[in-house]
Amino acid sequence: MTHILNKQVSQKKILITGGAGFIGSHVVRKFVTTYPAYKIYNLDALTYAGNLENLRDIENQDNYTFIKGDITDDTFIMNLFETEKFTDVIHLAAESHVDRSIADPLAFAKTNILGTMVLLQAFKKLWQDDWKNKRFYHVSTDEVYGTLGESGLFTETTAYDPNSPYAASKASSDHFVRAYGETYGLPYVISNCSNNYGPNQFPEKLIPLFINNIIEKKPLPVYGDGNYTRDWLYVLDHAIAIDKVFHTGVNTETYNIGGFNEWKNIDLVKVLCDQMDEKLSRTKGESQKLITYVKDRPGHDLRYAIDANKIKNKLSWEPSVTFEEGLSQTIDWYLNNSIWLKHVTSGAYKTYYDKQYNK
Ligand code: NAD
Ligand code: DAU
């Protein structure tokens, strides 16, 4: 029995999509280093958000292969699956930033909906007569549930009610994954996670954008009145949760992942400013003076908060890092990786920034 199990484990060929991005790079590292018997393939188109510098430390590992490619390119994807015969997919590749989805919704429909369908088709074509020991894991977001009022939590049974083009595209991709399960017997799991933060996050999202602006003493653009609420999770804890769901989650089920950690944007920004003042040896209060209230995001969701009790009780997962520790480690990472930050904020980033904030 043990022998058979080991044989199955050693035959695992896992395709991780979007592995050069923020969360994907932490998931790739976790799987490559924890499971030397698995073969891990990282498929990424290297858009503005994909960065192989995120994976320098593991790129020469024997069980790791990088493949540059676009998930919407169906001929390429079909051939790749036919050749490599991946036993499992962990799908993270996506357009992921809400503000960009407001500016260019079609790009989100293409990658997030069509790209997911191309992967589903390729996986189905390969394994539909032999689903045993195969798994398609779709990594999704809590934004599919829409917005909460001042109270309540998103559970796995909350109705989908997406508000931004990004959220609508992720909701649609979740529906297609479910539909492949119902219609073709696809063995799938889905997780819907709250806001991540941590090392390697592209500085278009709130926390790394504000860290970079504080370093550069630039204005901190808080949307609307700043009273929007998000539930923050350290990215390494998300990677651990993905490992748990991948290995012990039940087929056709959904798992909500969150930090039990709600913050109003303005309160979070003030804590960030204070921690940065201390680390940069600036006078307390200096960075808070950079806070600037700007025009609100259209369709801005008021509040996200996850009930993560299902994954906690059924899969024994809970966040291991407190927000204070995680934020401190995140700031330290950006301060110690100024070259990474410089690389990703040169060139096209400046054009994006001007369009988004200096219009
Ligand atoms: P990211 O934008 O940092 O990375 C996305 C990666 O996907 C990049 O490496 C990019 O090059 C790649 N990619 C984009 N289009 C592609 C295509 N057509 N073909 C192949 N690769 C492509 O995103 P992230 O924040 O790491 O999010 C990863 C996943 O997790 C996404 O599916 C997102 O919806 C989900 N998620 C993110 C968060 C969060 O807070 N960041 C929270 C919950 C869920
Ligand atoms: O909830 C999960 C989602 O979290 C993920 O699915 C998305 O991929 C991820 O981008 C994130 O979405 P948000 O829109 O919540 O994250 P963002 O960092 O863009 O914004 C967080 C909050 O901060 C939100 O209320 C908007 C606000 N904000 C953001 C930016 C970039 C500002 O006030 N100013 C800003 O400049």
Which whole-number value in Å² is the accessible area per residue of segment 1-157, probe 1.4 Å? 45
Among 160-167, 21-28, 234-241, what's the highest-first ranking by average C-beta atoms within 10 angstrom per residue? 21-28, 234-241, 160-167
Taking all protein chains as present, what is the carbon and sulfur share of the accessible area of the chain, in % to the nearest whole number, probe 1.4 Å? 52
Taking the Cα centre of each part, how many Å lie between segment 281-359 and segment 157-220? 14
Given a 1.4 angstrom probe, what's the average accessible area per residue across segment 263-309, in square angstrom? 51
Classify segment 310-359 as rounded, prolate or oblate from the Cα gyration tensor: take a ≥ b ≥ c as the square roots of its eigenvalues, call it rounded if a/c is under 1.5, otherwise prolate when a/b beats b/c and oblate if not. prolate
For the chain, what are the per-bin percents of Cα-Cα distances with bins 10 Å wide, up to the bin holding the maximum? 5, 24, 35, 24, 9, 2, 0
Taking Rh as the Kirkwood radius computed over C-alpha pairs, what is the Stokes-Einstein D of segment 249-359 at 20 °C in a medium of viscosity 1.002 mPa s, expressed in µm² per second? 122
For the pair ASN227 and ALA37, how long in nm is the line joining their label points, each one 7 Å along Cα→Cβ? 5.5
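The values are calculated or read from the model by the stated rules, or taken from the named source; none is laboratory data. Every value quoted in this text rests on a predicted model; they were computed, and no experiment measured them. Here Cβ is always computed from backbone atoms with ideal geometry, including for glycine, and neighbour counts include all displayed protein chains. These accessible areas exclude ligands, DNA and RNA; they are computed on the full protein's heavy atoms, side chains included. Shrake-Rupley method; radii C 1.70, N 1.55, O 1.52, S 1.80 Å.
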